[in-house]
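The values are calculated or read from the model by the stated rules, or taken from the named source; none is laboratory data. For clarity, every value in this text was computed on a predicted model and none was experimentally measured. As a convention, Cβ positions derive from the backbone with ideal geometry for all residues, glycine included, and neighbour counts pool all protein chains shown.
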Amino acid sequence: MTRKPAGIDAIAFHGPRCYLDMSDLAQARDVDPDKYRLGLGQTQMAVATPCEDTVTMATVAAHRALDRFGIDPGEIGTLIVGTETGVDHSKPVAVYVHEMLGLAQNCRTFETKHACYGAMAGLTSALDWIAAGRARGRKALVIASDIARYGIKTAGEPTQGAGAVAMIVGADPRLVELDSDTFGDYTRQVMDFWRPLYSKYAFADGHYSIECYLAAFTGAWRDACEQAGSWDRLRLEALDACFYHVPFVKMARKAHLRHCETEWGEAITRADADMAARVRTSYDAQVAPWLELNSVVGNIYTGSLFLAMADYLRKLTPEREGRRLSLFSYGSGCGAAFGTGVVSGGATASRNLVDPAVHLDSRVRLDIDRYEQLIRACETADHNEEPYPDPADWGLDKGLYYVGTRDHVRQYTGSPAETL
Ligand code: HMG
């Protein structure tokens with residue numbers, strides 16, 4: 001029996017209302033702005049207020065995906081939220097989202113965690129659920145939602161961000177068909193980045209984390225080649241675009257260099273001008289054009305890879321339909337996966353539905369004092385005591401917001417439909 005292809009039928013992004021311009025951060029930290037702009041590749045980073053959390057961002061992104069793509073919430077049979085910034089040690093973010101979207105009670109609902117790899121783990125589980133015949137015509141909603149925070153004046157500060165990407169996964173997808181049989185995996189216990197239960201902030205051994213990321217690429221890519229049987233579908237020549245986990249834009253450049261080196265079987269240095277030019281040409285065509293959203297949102301952990309894919313999809317042109325894409329997910333700690341998919345026929349018709357331009361254009365620029373005040377306010381926003389966070393204090397108008405924890409229960413106000 002030939003299986004119908006399964007993959008991404010709808011996708012939408014939602015992030016916080018405020019952002020910090022990297023030039024303001026550079027000036028405040030007495031750093032050359034080019035270090036952030038060119039060295040890391042970032043121009044802005046999204047900053048969540050105390051009233052925007054993983055739940056509100058996930059719910060709004062999911063509502064947007066359902067609404068724009070005309071999908072009835074009753075069609076959702078699995079809801080998975082991949083996050084490393086959950087709001088409870090026990091209760092999953094997904095169950096709040098389930099209620100706020102009004103999903104059916106026979107929808108299985110859970111949270112996945114493995115740093116930035118959490119949503120990819122959710123996506124592959126959703127594909128397995130469909131392949132196993134458990135979907136019975138329904139779709140899966142997979143959401144990546146996170147707030148990346150290292151703290152004020154840390155090395156990781158310019159690599160923060162926040163946001164959620166919601167994907168609806170089903171048979172006969174309108175956007176991208178995913179080839180499960182090309183997915184390869186990699187796991188290794190490393191202390192490159194972690195966040196102990198007692199800390200609001202992540203700890204990172206930054207330069208080591210880059211090494212771990214690149215080693216994981218090689219491991220996952222090699223496993224993908226073995227899984228796929230032949231590497232015809234994986235080779236760079238067969239790919240129209242390569243999406244990587246993007247903690248900061250420059251990391252995608254490093255990942256692509258490793259991708260070329262792994263496939264071509266040699267280390268490439270600047271001294272080798274011909275090979276370096278080949279990598280640059282490939283990067284400019286297959287990676288760089290799709291990093292615009294990442295450069296203004298920053299690291300959104302689980303969603304970063306899919307944000308790059310959303311950038312590609314919003315710029316889609318008909319001749320790209322049918323072309324192959326690669327996806328590499330890396331989660332510190334560490335876990336990774338590499339696989340491929342194909343742009344669905346007719347996907348271009350949906351490109352405007354994917355575009356988050358209206359939301360991003362409505363964002364408010366923070367000055368550095370306000371940014372630091374906001375970060376400090378977030379440290380106590382989930383305490384079970386007054387003062388409760390008030391959306392109006394942060395310039396937030398209509399929308400879905402977190403408004404404090406009373407009697408140890410998180411409180412929310414508003415609706416996802418009202419959020420810009
Ligand atoms: P740093 O030490 O502040 O920066 O840390 P640096 O000195 O390495 O400089 C960064 C780049 O800017 C370098 O480029 C410099 O040359 C360049 P590179 O050599 O790498 O190509 N530079 C300049 N360029 C132009 N003009 C200038 C200038 N000055 C310097 N004037 C680091 C940077 C990313 C390590 C730090 O911000 C950090 O620790 N971030 C957090 C950890 C992280 O993002 N790791 C990425 C890999 S792990 C991962 O992706 C998983 C993660 O998302 C978590 C999860 O899975 O949940 C993080």
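I want to confirm something. Restricting to the stretch 257-288 and keeping residues that are among the acidic types (Asp, Glu), part of a helix (DSSP H, G or I) and over 23 Å from the mean Cα position of the chain (by Cα), which single residue is surrounded by the fewest Cβ atoms within 10 Å (Cβ to Cβ)?
This residue is Asp274.
Results for (1) more than 15 Å from the ligand (Cβ to nearest atom); (2) touching a strand residue (DSSP E or B) at 6+ places or on another chain (Cβ under 9 Å); (3) touching a residue at least 40 places away in the same chain (Cβ under 8 Å), shown as yes or no for each residue.
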| site | (1), (2), (3) |
| --- | --- |
| Ala220 | no, yes, yes |
| Gln227 | yes, yes, yes |
| Asp232 | yes, no, no |
| His245 | no, yes, yes |
| Arg258 | no, no, yes |
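So which of Ile152, Ile168 is modelled with pLDDT of 95 or more and under 17 Å from Thr112 (Cα atoms)?
Ile168
Tell me yes or no: at least one residue of the stretch 347-359 is surrounded by 13 or more Cβ atoms within 10 Å (Cβ to Cβ), at pLDDT below 95, in a helix (DSSP H, G or I) and not hydrophobic (A, V, I, L, M, F, W, C).
yes
Go through (1) farther than 29 Å from Ala46 by Cα; (2) assigned to a loop (DSSP other than H, G, I, E, B) for Gly333 and report which single condition fails.
Among (1) farther than 29 Å from Ala46 by Cα; (2) assigned to a loop (DSSP other than H, G, I, E, B), the lone unmet condition for Gly333 is (1).
Might you let me know whether the stretch 341-357 holds any residue that is closer than 14 Å to Tyr244 by Cα and either within 15 Å of the ligand (Cβ to nearest atom) or among the hydrophobic types (A, V, I, L, M, F, W, C) (or both)?
No, the stretch 341-357 has no match at all.
Of the conditions (1) crowded, with 23+ Cβ neighbours inside 10 Å; (2) within 16 Å of the ligand (Cβ to nearest atom); (3) under 30 Å from Met22 (Cβ atoms), Gly151 clears all except one; give me its number.
Here Gly151 clears every test but (1).
Do we find a residue being within 16 Å of the ligand (Cβ to nearest atom) and aliphatic (A, V, I, L, M) anywhere in the stretch 88-102?
For the stretch 88-102, residues within 16 Å of the ligand (Cβ to nearest atom) and aliphatic (A, V, I, L, M): present.
Which of the residues belonging to the stretch 154-186 are within 14 Å of the ligand (Cβ to nearest atom) and surrounded by fewer than 16 Cβ atoms within 10 Å (Cβ to Cβ)?
Selection gives Ala155 alone.
Take Leu293 and decide whether it is part of a helix (DSSP H, G or I), more than 14 Å from the ligand (Cβ to nearest atom) and touching a Pro at 6+ places or on another chain (Cβ under 8 Å).
yes
Quick check, is Ala267 touching a helix residue (DSSP H, G or I) at 6+ places or on another chain (Cβ under 7 Å) and in contact (Cβ under 8 Å) with a residue 12 or more places away in the chain?
No, not satisfied.
If Ala148 satisfies every condition in (1) under 17 Å from Thr56 (Cα atoms); (2) touching a Lys or Arg at 6+ places or on another chain (Cβ under 6 Å) but one, which is the exception?
Among (1) under 17 Å from Thr56 (Cα atoms); (2) touching a Lys or Arg at 6+ places or on another chain (Cβ under 6 Å), the lone unmet condition for Ala148 is (2).
Run down Leu234, Leu214, Leu239 and say which single residue is of a type in the set (A, V, I, L, M), closer than 21 Å to Ser326 by Cβ and in contact with a Leu (Cβ under 8 Å, 6 or more places away or on another chain).
Step by step, each of Leu234, Leu214, Leu239 is checked, and only Leu239 is of a type in the set (A, V, I, L, M), closer than 21 Å to Ser326 by Cβ and in contact with a Leu (Cβ under 8 Å, 6 or more places away or on another chain).
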